[in-house]
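The values are calculated or read from the model by the stated rules, or taken from the named source; none is laboratory data. What you are looking at is a predicted structure, and each value in this text was computed from that prediction instead of being measured. Every residue, glycine among them, receives a Cβ derived from its backbone with ideal geometry; neighbour counts consider all protein chains shown.
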2 protein chains.
Amino acid sequence: MWKPDRRSKKPLYQQIADDMERRILYGEYPPGSFLPSERKLAEQIEVNRSTVIQAYEELRAKGIVESSSGSGTRVSKRLLGVTPSLTPNWRAYARGGTFAPNLPMIRRIREVLRERGSIIDFASGELSPDLYPNQAIQQLLREAPFEAPLGYDDPQGFLPLRETLVSFLDKQLNIRTTESSILITSGSQQSLYLITQCLLAPGDAVAIEDPSYSYSLPMFQSAGLRLFRIPVHENGIDPEEIESLFRQHRIRMIFLNPNYQNPTGSILAASKRPRLLKLAAELGIPIVEDDPFSLTSFDNRPPANLKSIDAHGSVLYVGSLSKIAASGLRVGWLIAPQTVVKRLADARQQMDFGLSVVPQWLANEFLRSGLFDRHIRFLRDALSRKQLHLMTALNRMLADKFSCIPAQGGLNSWLKLNQPVDDSKLLEESLKRGVVFMPGTVFGSEPGYVRFSFARPADHELESGIQKFAQALHALND
Amino acid sequence: MWKPDRRSKKPLYQQIADDMERRILYGEYPPGSFLPSERKLAEQIEVNRSTVIQAYEELRAKGIVESSSGSGTRVSKRLLGVTPSLTPNWRAYARGGTFAPNLPMIRRIREVLRERGSIIDFASGELSPDLYPNQAIQQLLREAPFEAPLGYDDPQGFLPLRETLVSFLDKQLNIRTTESSILITSGSQQSLYLITQCLLAPGDAVAIEDPSYSYSLPMFQSAGLRLFRIPVHENGIDPEEIESLFRQHRIRMIFLNPNYQNPTGSILAASKRPRLLKLAAELGIPIVEDDPFSLTSFDNRPPANLKSIDAHGSVLYVGSLSKIAASGLRVGWLIAPQTVVKRLADARQQMDFGLSVVPQWLANEFLRSGLFDRHIRFLRDALSRKQLHLMTALNRMLADKFSCIPAQGGLNSWLKLNQPVDDSKLLEESLKRGVVFMPGTVFGSEPGYVRFSFARPADHELESGIQKFAQALHALND
């Protein structure tokens, strides 16, 4: 982000006006388009609003921009001559297409995270940077020979990585599969996007968990799916609900996160799994098993995945490196029957001609080296320690104000507050105090629930973050 | 691809049966799904068809598969017990969604390329592997410090790469832009996908060139766009046609490849460009400038891009490393006004949470090092030499049977055959002789045109490839 130079002799407002003029001439803001509001730009480049007002005045005096009361400052349509320029109406174009926006509360949280780097972040369901295998990655880049072909890749992804995954998944999770059943994706998001775009049609009914991470994904809305929700209890969903949903709404697919569910951290009881699979097979409904967290299992004993006990072939399995190594690698995998893998691979070619071979090569080197095993042990310990810190802080500072079943894996703790609370007020009070979390309503739960991701804050932030949160809660109840 | 071990004591058919049984049990072929046809499998694993028949017999005897006459061999539905398994009807699911298939001729060519590695390939519009900057990539991986953050990336892409691109595009192509106007994509395909998905709606009319690479992209069909075509002459399209298309069909966007157009290799005359831009601005229609080839200009003097002379802000500029470095890197860029970039970045987050940081880091190191300049000089020389070889061979072996204006950049030569010819017969005759090319009809032209990509074959294949092609043409005219 450009910022004015405070040591320069040129006045700040003049620097801002010059920079903005350049941006306008270079097409960032074409004739007729709106400049950022004075308040927003002032925040971004860290100057007083009055300085931005002065800069915009300067541009107005030069005839580069014009203001219409109430609607902001826009680039002059007569910038290029006497007749108004009829540049495309970019705003109208940008309103087209079929992508639904994010939930307002998620947008608000993302905005805060972008603008306030110092806030204590319990909201992002992501590892903190010191939990990434930074050294392993650097070592592999430096030392592993790069022997991957630099042309377009196989539509299903880099074959050596798929072969490594066959033994990796067998060893780590007892999942037996073949290299031709694997589609390498850029992560679970792309896997889910391909599934919703290619295997379902607008109007189709699908079942998701309640609460559910899927609820927070505008992707489901964008695809025009009708979402029906199955309550998640302490031991996961009740399989029998599948049948009644099928009878009532003809659901065509079930999205589940059976191990350390996001957001509740719960586990679908092992005893329920065979029944669930049997029902799905009898009804002919695929189950999408979203499984980002199994390998984070604190005691290294994740419950057996649906995929690993699926004799009927009803499960589409979705995994990735995002939560067990680093999200920025963008490497994930989807396991499915040939018919499905081929279809999804074909559609992905139309979208982006497939993935870069570089991260796939790197992921392959990482998974087949001893470096992954060392990393995942380190990660399990760190996550288990962080969750313990979080629970200790919660118990000390919120005592009887909440209930929470400690998770046994994953990145998230799910709290029920014992008093009624207004989610968005609690969020705003917390933001004021420098801490952010995900209100349960974001995942479709009723108000009064909170998801804390304990993986993202630094160790020393866990306690002070909960202290700030406790103060926010306290302020609300006064 | 698995293949039976010919040195093993176990008979071939038994090895095949065992391998297939494993694939069935591991879910590659769930109950009720079809196995590959005997002919296809025999080709893939390089055995006689009778051996595959014997293997399938074995599986049939064990009750694992069943054959219904005419419809092939399918996995038994009773595989898992007495009652038939009601696994999801994957075939029906795979028929859902909105992705149009590739043109049959393109599918045919891709299949041939997959199965016959030794064929001389004039069809793929891609660099041959020895033209990739292999050594530079290896050197950078080994030596450049990896300092990119491993978390989720900025939705617009890795900022250091965008900053490098600002000076790179200014220096190389006189394109002046700002880092906030750039969206890093995985290549032109993703840029075009985002544009068609986010800025246009089904039923919208758009203009493309005739012939045009866009015509070969099912993406346009999948998005439900109505395509209207503007003939490409020796000096590119006639801008005045835009206006009449607008009056008649209200076209909402224009897709052009002005420099070394794919497939014709033609250049939109510099004298036509200001008029085109003026018309687009007056009508308020965006021009998508697809520009994969400018930097391949054989004499390093590409015509000034539309983007570089676009004062009205009507141009969306699409570039990538695929044709000037390596397609497997999957790094491209789109330059657009803020409103558009933000919208596309947001939609891309929904599809895949953005790009891997690793290839972006690598591309940044490559572009800002001296290695790129050295590589692009080498590439220009090589391409110019290859085209010369191709033209020499054509002149020698086809003499007066064709006409062709030699390209001044890009990867393609466009031939008009002087005699009428049946495209698909010519293709089949050529395949028989071990050479493949793109018939012009694939790009929407009338029969009798041929696109030769001279970048893909090895130098020594150029002459023998044309010889085989000449023989095929000869056989057809006999």
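Brief remarks on what is shown
- The set of residues in region B:207-235 that are under 20 Å from B:V450 (Cα atoms) and among the aliphatic types (A, V, I, L, M) comprises B:I208, B:L217, B:I230, B:V232.
- Counting the residues of region A:450-464 that are buried (at least 22 other Cβ atoms within 10 Å of the Cβ) and part of a helix (DSSP H, G or I) gives 1.
- Boolean, B:I254 is more than 19 Å from B:Q189 (Cβ to Cβ) and within 12 Å of another protein chain (Cβ to nearest Cβ): no
Residue-by-condition table, conditions (1) part of a loop (DSSP other than H, G, I, E, B); (2) modelled with pLDDT under 95:
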site: B:W2; (1), (2): yes, yes
site: B:Q15; (1), (2): no, no
site: B:G32; (1), (2): yes, yes
site: B:R39; (1), (2): no, yes
site: B:E66; (1), (2): no, yes
site: B:T73; (1), (2): no, yes
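- For region A:179-210, the candidate set comprises residues that are in a loop (DSSP other than H, G, I, E, B) and within 19 Å of A:A280 (Cα to Cα); within that set, the residue that is farthest from the other protein chains (Cβ to nearest Cβ) is A:D204.
- Residue in region A:332-342 that is within 19 Å of B:L150 (Cα to Cα) and under 24 Å from the mean Cα position of the chain (by Cα) present: yes
- Residue within region A:393-404 that is over 29 Å from A:S186 (Cβ atoms), in a helix (DSSP H, G or I), touching a helix residue (DSSP H, G or I) at 6+ places or on another chain (Cβ under 6 Å) and without any contact (Cβ under 8 Å) to a residue 60 or more places away in the chain present: no
- Filter result (in contact with a Ser or Thr (Cβ under 9 Å, 6 or more places away or on another chain) and either among the hydroxyl-bearing types (S, T, Y) or more than 14 Å from chain A (Cβ to nearest Cβ) (or both)) within region B:362-381: B:L367, B:R368, B:I376, B:R380
- Residue within region A:227-243 that is among the polar types (S, T, N, Q), farther than 22 Å from A:A201 by Cα and part of a loop (DSSP other than H, G, I, E, B) present: yes
- Flag: B:P239 matches the condition of being touching a helix residue (DSSP H, G or I) at 6+ places or on another chain (Cβ under 6 Å), more than 14 Å from every other protein chain (Cβ to nearest Cβ) and at pLDDT 95 or above.
- Residue pairs meeting the criteria (Cβ under 9 Å; at least 6 apart or on separate chains; first among the polar types (S, T, N, Q), in region A:110-122; second at pLDDT 90 or above): A:S118/A:G434
- Strands (runs of 3 or more DSSP E) wholly inside region B:247-348 that include at least 1 residues being surrounded by fewer than 22 Cβ atoms within 10 Å (Cβ to Cβ) and not charged (D, E, K, R): none
- Residue match in region B:161-175 (condition: assigned to a loop (DSSP other than H, G, I, E, B) and either free of Cβ contacts under 8 Å to residues at least 40 places away in the same chain or in the same structural domain as B:V450 (by TED's automatic domain parsing) (or both)): no
- Only listed residue being within 11 Å of another protein chain (Cβ to nearest Cβ) and within 30 Å of A:A42 (Cα to Cα), chosen from A:R110, A:R116, A:R176: A:R110
- Among the candidates A:L41, A:L35, A:L25, the residue that is touching a residue at least 40 places away in the same chain (Cβ under 8 Å) and either more than 26 Å from A:P88 (Cβ to Cβ) or hydrophobic (A, V, I, L, M, F, W, C) (or both) is uniquely A:L35.
- Taking (1) at pLDDT 95 or above; (2) within 24 Å of the chain's Cα centre (by Cα); (3) away from chain A (no Cβ under 14 Å) in turn, B:I405 satisfies each apart from (1).
- Any hit, region A:340-361, residues being touching a helix residue (DSSP H, G or I) at 6+ places or on another chain (Cβ under 9 Å), in contact (Cβ under 8 Å) with a residue 60 or more places away in the chain and more than 14 Å from every other protein chain (Cβ to nearest Cβ): no
- B:D19, sole failed condition from (1) assigned to a loop (DSSP other than H, G, I, E, B); (2) within 26 Å of A:N174 (Cα to Cα); (3) not β-branched (V, I, T): (1)
- Hey, B:L161 at pLDDT 95 or above, buried (at least 18 other Cβ atoms within 10 Å of the Cβ) and more than 9 Å from every other protein chain (Cβ to nearest Cβ) or not: yes
To keep it simple, each residue is scored yes or no on (1) under 24 Å from the mean Cα position of the chain (by Cα); (2) surrounded by fewer than 22 Cβ atoms within 10 Å (Cβ to Cβ).
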site	(1), (2)
B:N395	no, yes
B:K416	yes, yes
B:G448	yes, yes
B:I466	yes, no
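- Selection status of A:E43, within 20 Å of B:T178 (Cβ to Cβ) and in a helix (DSSP H, G or I): yes
- Complete set of residues in region B:323-339 that are touching a helix residue (DSSP H, G or I) at 6+ places or on another chain (Cβ under 8 Å) and either within 9 Å of chain A (Cβ to nearest Cβ) or without any contact (Cβ under 8 Å) to a residue 60 or more places away in the chain (or both): B:I324, B:A325, B:A326, B:G328, B:L329, B:R330, B:V331, B:I335, B:A336, B:P337, B:Q338, B:T339
- Extreme residue, surrounded by the fewest Cβ atoms within 10 Å (Cβ to Cβ), among residues of region B:33-57 that are in contact with a Pro (Cβ under 8 Å, 6 or more places away or on another chain) and within 14 Å of chain A (Cβ to nearest Cβ): B:Q44
- Residues located in region A:286-323, provided they are within 18 Å of A:S212 (Cβ to Cβ) and of a type in the set (D, E): A:E289, A:D290, A:D291
- Matching entry among B:F372, B:F454 (being of a type in the set (A, V, I, L, M, F, W, C) and either out of contact with any Pro (no Cβ under 9 Å at 6 or more places or on another chain) or modelled with pLDDT under 95 (or both)): B:F454
- Failed criterion for B:S320 (all others in (1) within 29 Å of A:Q138 (Cα to Cα); (2) more than 12 Å from chain A (Cβ to nearest Cβ) hold): (2)
- Only one entry in B:I182, B:I195 is within 26 Å of B:E365 (Cβ to Cβ), outside the structural domain of B:S464 (by TED's automatic domain parsing), among the β-branched types (V, I, T) and touching a residue at least 40 places away in the same chain (Cβ under 8 Å), namely B:I182.
- Residue check for A:P88: modelled with pLDDT under 85, in contact with a Lys or Arg (Cβ under 8 Å, 6 or more places away or on another chain) and not assigned by TED's automatic domain parsing to the domain that holds A:K323: no
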